[in-house]
Amino acid sequence: MLRTFFLLLIITSGLFPLQLQAQRPKVGLTLSGGGAKGLAHIGILQAIDSAGLRVDLITGTSMGSIVGSLYAIGYSGDSIEIMARRLDWNSLFSNQPVMSDISFEERGEYNRYMIEIPFEYGRPKLTSGVISGEQLWLELAKMCWPVRDVKDFSQFNIPFKCIATDVATGDIVTLEKGEIVQSIRASMAIPSVFTAVRINGRKLVDGGVVRNFPTITAKGMGADIIIGSNVSGGLRTAEELITPIDILYQLGFYKDAADFVEARKITDVYIEPELKGYSAASFNSVDSIIEIGKRKGRELYPVFKKMADSLNALYPEAPPEKNRLPRVPDIEVADIRITGLLHSDEKFFRGRLGLEPGGCYTPDKIREAILNVYGTRFYKQITYNLRPHGYGRSDLEIQVEENPLTYVKFALHYNTFTSVSAIINITQRNFIVPNSRALVSAAISENPRLRAEFFKYLGRKRNLGFGLGAYYENNPFSFYSDYRKIQEYRSKYANVSGHFQLMLNRVMAIGVGSRWEYMRLKPKISPFVEMDGNTNQFNSFVYYGLNTLDRKLYPTRGARIEMEAGMVHSQNPDIKVRKDGYELPLDSMGFTFDHYQRVTLKMNYYFPMSRKSTLNLNAYAGYNFNYNQAIINDFRIGGVTDFSRNQVPFVGLYDGEINTPSVVSLQLGWQYEALRNVYAIPRISTALYDLNGISATKYYYLTGYGLTLAYSSKLGPFEATLMYSDQAQVLKAYVNLGFHF
């Protein structure tokens, strides 16, 4: 250590004698783990680049292994900063797939339950971690594409090693050969947070458990001068342990503490950015953490500059390359091999993958192909390696870990309209036939609901599907006059449906289907005209769907469109109209139950205005052509949440305050995230209804306003809304808690 100290002192003073060392001293760079805080390393790399200092070898652990490997491959500090700011780190470190990865046919069920318990062979199945990291793996694979054929990390532009821990023995594992993505993913597999990674028969987790600051490894690689950036901050006080990741990092540091004593001694330039107040989980503060690292880099620039100038003066050589990143062409896939399939067959996998041997592909094309399979939710994780054959040809080796076939899911919900519900769902894949998904959901409530679905993938590319469904709801149904409730009904609705669907891509589908529908109205005693009875009918339709929303709750960008057009036919009414206890003939009321045409449209658009605010534009339309009925098949205007059959949400009115055969509605909202997951959402709505010309007036006009305060939680959304309509002229409150049915 004393020799290294004097070596550094002489170099930085410019007095290094040529005879002291024949070869240029090797400069080693070590980057510690630290979760989100590891992004501060980027500023140190930028300072090294600016100073023109050539780094000869790099070691890293956990987040330090990600940043360090990218620099070793050939990315500059500036390039790594651009990538770091572009990535959605919260999604990469989430235990849920991101919305954009989910196939269209699965998005309706995605992320709508507070608890999901997997079952394998009738027993609950637990994993070694809750985050499989599919998005992270694919992002790393894309970034590491330039060294896709390099299996020896010493052959990178800068030699590199990273550290992991053997979970079985607790031994330090130095990763220096093999698949770089697999290695850095193992190095950052925080125990019980990320799933462990298996390499050469060993199950590996985060290297920070045993060696979070691997300067000893750098010394073993031949480093004469070691620059070490440490963002871990050592052991933290009880008050600073806020998140589960913080606590797990603390547990890891106990064993690492002894190693750090020696690691610190051999570090010549020790760097510790001031990151008090930030934790390993502070991925919402990426920008500020990077800025802290850049500020620390500017402080150290004179040291790096003097070191570079002294070394260059004593050992003249070509200056460091500005563009160190290897240029590689697209690859020709010679063969595709798939391992790990147990429940799903290989034809299904290859059909969804859409890649063919002999094809030429970019990393983006391979990523999209993988996600096209992953989006079916049959698979927990899909990773790939490339085995080079030379001349731009490689075998594509895909490793698959399947999801359990059975999930039991739970949620709680309260809504002003439907009261309290306990929701339970059972989802089974490969039900009866392979490549299928079946589910049953039940809302246990005074207003019960039941839904069953079956979907089977068809076609060579498995982008065609056949679906069966059944649905039942038993809801209160109130009839209003001049925005005052005058009659109360119980409304029962049930349907059985079948449809064919073509998935044009992960976000868009078209289809054709038919529903048999049953409606039952039962009034409470009242002095008004009453409808009592039931009817059933067929509704045959075509539909179009698009969903590009970035997340289920409070999206910040994207669109959702649902359009359905068809004919209602074969009606069989058994309805009686009474007044004062006397039955009135339906003809005298002008009601007919002939077939009619029907169109519905729902459009939701989200436009990001800034990091915290989003403009939301919603449009709803429903039109019954050649229709002369009342109540049963009407559209029902009102309510904040799109919740029930034929509902057209409208802020300012309660659910179903207006029944109409036709409506066009527009709503404009501004979603502002005041605090993390806390939103203020002002809205304004307008609508035209009764456009059919049944009444003497050509149409009626509505305006409404509302302010929603919301919190996005693990239990679902917590929302409270105050709203007002110019026509109703009553201030109203609306509450929605939890994931709705």
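The values are calculated or read from the model by the stated rules, or taken from the named source; none is laboratory data. The model shown is predicted, which means the values in this text are computed figures rather than measured ones. When we count neighbours, we look across all protein chains shown, and the Cβ atoms used for this are built from the backbone with ideal geometry, even at glycine. Side chains included, ligands, DNA and RNA excluded: accessible areas come from the protein's heavy atoms. Shrake-Rupley method; radii C 1.70, N 1.55, O 1.52, S 1.80 Å.
Numbers at a glance
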{"item": "Count of residues meeting criterion [touching a Lys or Arg at 6+ places or on another chain (Cβ under 9 Å) and either within 26 Å of G122 (Cβ to Cβ) or among the acidic types (D, E) (or both)] in segment 412-428", "result": "6"}
{"item": "Close pairs (6 angstrom Cβ cut-off, 6 or more residues apart or separate chains): more than 23 Å from V651 (Cβ to Cβ) in segment 609-635, among the β-branched types (V, I, T) and surrounded by fewer than 18 Cβ atoms within 10 Å (Cβ to Cβ) anywhere", "result": "N628/T592"}
{"item": "Count - residues of segment 517-569 that are in contact with a Gly (Cβ under 9 Å, 6 or more places away or on another chain), under 23 Å from H595 (Cα atoms), modelled with pLDDT under 95 and not aliphatic (A, V, I, L, M)", "result": "1"}
{"item": "Residue within segment 212-228 that is under 30 Å from R54 (Cα atoms) and at pLDDT below 90 present", "result": "no"}
{"item": "Count of residues meeting criterion [farther than 27 Å from R54 by Cβ and open to solvent by less than 10 Å² (accessible area, probe 1.4 Å)] in segment 178-187", "result": "2"}
{"item": "Inter-residue pairs, beta-carbon under 8 Å, first in contact (Cβ under 8 Å) with a residue 60 or more places away in the chain and assigned to a helix (DSSP H, G or I) and in segment 354-370, second open to solvent by 40 Å² or more (accessible area, probe 1.4 Å) and of a type in the set (K, R), 6+ apart", "result": "P363/K142; D364/K142; R367/K142"}
{"item": "Subset of segment 447-477 [assigned to a strand (DSSP E or B), closer than 20 Å to E106 by Cα and not aliphatic (A, V, I, L, M)]", "result": "R451, E453, F454, F455, K456, Y457, G465, F466, G467, G469, Y471"}
{"item": "Checklist (1) within 22 Å of the chain's Cα centre (by Cα); (2) buried (at least 16 other Cβ atoms within 10 Å of the Cβ); (3) of a type outside the set (K, R); (4) under 30 Å from G77 (Cβ atoms) applied to I331, failing item", "result": "(1)"}
{"item": "Residues satisfying the stated conditions in segment 619-646, i.e. crowded, with 20+ Cβ neighbours inside 10 Å and assigned to a strand (DSSP E or B)", "result": "Y620, A621, G622, N624, F635, R636, I637, G639"}
{"item": "Strands (runs of 3 or more DSSP E) lying entirely in segment 478-596 (those with 2 or more residues that are touching a Phe, Trp or Tyr at 6+ places or on another chain (Cβ under 9 Å))", "result": "484-503, 508-523, 530-547, 558-579"}
{"item": "Lone qualifier among E81, E105 - being of a type in the set (D, E), open to solvent by 20 Å² or more (accessible area, probe 1.4 Å), within 22 Å of K409 (Cβ to Cβ) and at pLDDT 90 or above", "result": "E105"}
{"item": "Every pair of residues 6+ apart whose Cβ atoms lie under 8 Å, when the first sits in segment 97-116 and is at positive phi while the second is modelled with pLDDT of 90 or more and of a type in the set (A, V, I, L, M)", "result": "N111/L553"}
{"item": "Test: residue in segment 713-727 that is closer than 25 Å to E109 by Cα, without any contact (Cβ under 8 Å) to a residue 24 or more places away in the chain and under 36 Å from the mean Cα position of the chain (by Cα)", "result": "yes"}
{"item": "Meets criteria (touching an Asp or Glu at 6+ places or on another chain (Cβ under 8 Å), of a type in the set (A, V, I, L, M, F, W, C) and more than 30 Å from F104 (Cβ to Cβ)) for A308", "result": "no"}
{"item": "Test: L314 is in contact (Cβ under 8 Å) with a residue 40 or more places away in the chain, more than 30 Å from L39 (Cα to Cα), of a type in the set (A, V, I, L, M) and surrounded by fewer than 17 Cβ atoms within 10 Å (Cβ to Cβ)", "result": "no"}
{"item": "Any hit, segment 99-112, residues being outside any strand (DSSP E or B), out of contact with any Leu (no Cβ under 9 Å at 6 or more places or on another chain) and more than 30 Å from F718 (Cβ to Cβ)", "result": "no"}
{"item": "Residues of segment 393-444 satisfying the condition of being in a loop (DSSP other than H, G, I, E, B) and open to solvent by 30 Å² or more (accessible area, probe 1.4 Å)", "result": "L405, T416, F417, N430, F431, I432, V433, P434"}
{"item": "Looking only at segment 132-177, and only at residues there that are touching an Asp or Glu at 6+ places or on another chain (Cβ under 8 Å), of a type in the set (D, E) and at pLDDT 90 or above, the one that is surrounded by the most Cβ atoms within 10 Å (Cβ to Cβ)", "result": "E176"}
{"item": "Counted residues, segment 499-523 - those being more than 18 Å from A630 (Cα to Cα) and either of a type in the set (D, E) or open to solvent by 20 Å² or more (accessible area, probe 1.4 Å) (or both)", "result": "13"}
{"item": "Any chance I216 is β-branched (V, I, T), open to solvent by 30 Å² or more (accessible area, probe 1.4 Å), touching a helix residue (DSSP H, G or I) at 6+ places or on another chain (Cβ under 6 Å) and in a helix (DSSP H, G or I)", "result": "yes"}
{"item": "Test: L9 is modelled with pLDDT under 95 and either in a helix (DSSP H, G or I) or on the phi < 0 side of the Ramachandran plot (or both)", "result": "yes"}
